[in-house]
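S.K.: Take a look at the following structure, please.
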Amino acid sequence: MVQSSIWVAPMAGGPSTPALVRAAAEAGSLGFLAGGYKTPDAMSGEVAELRASGASFGLNLFVPADEPPDVEALRRYRASLAGEAERYGVALPELRLDDDDAFAAKVEIAVGAAPTRVSLTFGLPGGDVVRCLQAAGSLVVATVTSLAEARAAQQLGVDELIVQGGDAGGHSATMSPVGYQGRRPARELVAEVVAATPLPVIGAGGVGTAADVAALLDAGARAVQVGTAFLLADEAGTRPLHREALLAGDRDTVVTRAFTGHPARALRNRFTDEHPDAPLGYPAIHHLTSGLRAAAAAQGDVEGMHLWAGARYAEVRPGSTAEILARLDPR
Ligand SMILES: Cc1cc2nc3c(=O)[nH]c(=O)nc-3n(C[C@H](O)[C@H](O)[C@H](O)COP(=O)(O)O)c2cc1C
């Protein structure tokens, strides 16, 4: 039974652990497992662990993009990273252009497990996928970043919308990444979508305090999905250097494509400064830079790491998931 108006966001790449999702459920919230990047087997293991615990939970999947990447631009970007490869002592891999995050296999696992909710990010799937998930017993939630995306999701027949503002930490869910700069705050976007669509809206983006949660609820959101604040949760799998950089609170955030080829809000560092013109090309650029980022982390160099953070990160504090939920509760 979900009592909290705060949902714990899926955070792919390590921070979302089954322990985080279970702690959210135990504290009356809804937590999401992050299906993105994982192999179907690894995702299936986490889903099974959550099901065995009896907790209700959500599952997030990345929808592969339809747009073919500009391979020449990706080749140029790869060449421009030679200095980074030398700095960190790693070989850059060849471009990998065929990764669809095993979407079909993951949908099959989701249908088998029927979590409370399945949220979709980066795009919209075919209507058959939505209907299969619904028939299995899950509510289907589309993550949208504009009114046009909200309308397309509504037409597809989803049950709910996560409306993500440009102030959100991590990847934007935008389905039109060309020129995306993350300038529209969640509050403004939530109010616009609530006025124009009948679907329940969950607001996301730029939450550091209970007042930020209250502002999104006042704008018409039924619930608020929070990511960055839970990067500092005891149960999260966030890397220690990422936690330290968040706690220091002394950097700006920027929207960058440098690490993955898709716009994402991160703490500004040397890497974001030196690669401001990275092309679009997710997930090819994610694969291209993952060795560099791992080496930077192993060498203790935050200047080469992707430090995802929402615009209000400087307000967040460590604690257990239950404590952070209580701190953010505006009631
Ligand atoms: C480290 C990190 C990883 C994220 N990974 C995902 C993800 O896998 N899927 C997704 O839908 N959203 C992801 N997000 C975005 C969140 O769902 C949410 O929209 C965002 O965190 C809200 O903004 P806030 O960070 O200011 O609270 C991620 C956010 C962060 C900070």
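The values are calculated or read from the model by the stated rules, or taken from the named source; none is laboratory data. Given the structure is predicted, the values throughout are model-derived calculations rather than measurements. Cβ coordinates were reconstructed from backbone atoms using ideal geometry, including for glycine residues, and neighbour counts include every protein chain displayed. The protein model used for the area step is the full one, side chains on, heavy atoms only, and it has no ligands, DNA or RNA in it. Shrake-Rupley method; radii C 1.70, N 1.55, O 1.52, S 1.80 Å.
S.K.: Over the chain, what is the mean sequence separation of C-alpha contacts under 8 Å (at least six apart), divided by residue count, expressed as relative contact order in percent?
M.R.: The normalised contact order for the chain reaches 19 percent.
S.K.: Separate question: Can you tell me what share of the DSSP beta bridges in the chain is antiparallel? A percent to the nearest 5 is fine.
M.R.: In the chain, DSSP labels about 20 percent of beta bridges as antiparallel.
S.K.: Here's a follow-up. Only Cα pairs under 8 Å and at least 6 apart count here; give the relative contact order of segment 84-234 as a rounded whole percent. Don't jump to the answer; show the numbers that get you there.
M.R.: Details: 243 pairs, mean separation 25.5, N = 151.
This gives 17 percent for segment 84-234.
S.K.: Give the shape of the chain as rounded, prolate or oblate, defined through the alpha-carbon gyration tensor: a ≥ b ≥ c are the square roots of its eigenvalues, a/c under 1.5 means rounded, and otherwise the shape is prolate if a/b is larger than b/c and oblate if not. Spell out each step's value before the answer.
M.R.: Values: a/c = 1.43, a/b = 1.27, b/c = 1.13.
Rounded is the answer for the chain, as its axis ratio a/c remains below 1.5.
S.K.: Per-residue accessible area for LYS38 at 1.4 Å probe radius, Å² rounded to 10?
M.R.: Estimated to the nearest 10 Å², LYS38 gives 40 Å².
S.K.: A further question follows. Of all the accessible heavy-atom surface of the chain, with the other protein chains kept in place and a 1.4 Å probe, what percent is carbon and sulfur?
M.R.: 50
S.K.: Roughly how big is the chain's charge dipole about its Cα centre, with Cβ charges of +1 (Lys, Arg) and -1 (Asp, Glu), in debye to the nearest 20? If you can, show how the numbers build up before the last one.
M.R.: On the way: 28 positive and 38 negative charges, 81 e Å.
The calculation lands at about 380 debye.
S.K.: Give me the 1.4 Å probe accessible area per residue for the chain, excluding ligands and nucleic acids, in Å².
M.R.: With the other protein chains kept in place, the chain gives 41 Å² per residue.
S.K.: Given a 1.4 Å probe and heavy atoms of the protein chains only, how would you sort ARG96, ARG51, ARG78, largest accessible area at the top?
M.R.: I get ARG51, ARG96, ARG78, largest accessible area first.
S.K.: Points 7 angstrom from Cα along the Cβ direction at SER53 and GLN3: gap in nanometres?
M.R.: About 1.9 nm, to one decimal.
S.K.: If you don't mind, there's one more thing I want to ask. Which length gain, in nm to one decimal place, applies between VAL178 and VAL255 when the Cα-Cα distance is subtracted from 0.36 nm times their residue separation? Intermediate results must be reported in sequence, preceding the final value.
M.R.: Details: separation 77, 0.36 × 77 = 27.72 nm, distance 1.25 nm.
Length gained, VAL178 through VAL255: 26.5 nm.
S.K.: Also, I was wondering about something else. Quick check: pseudo-label points 7 Å beyond the Cα along Cα→Cβ at ALA79 and THR209, how many nm apart are they?
M.R.: Label-label distance for ALA79 and THR209, simple model: 5.0 nm.
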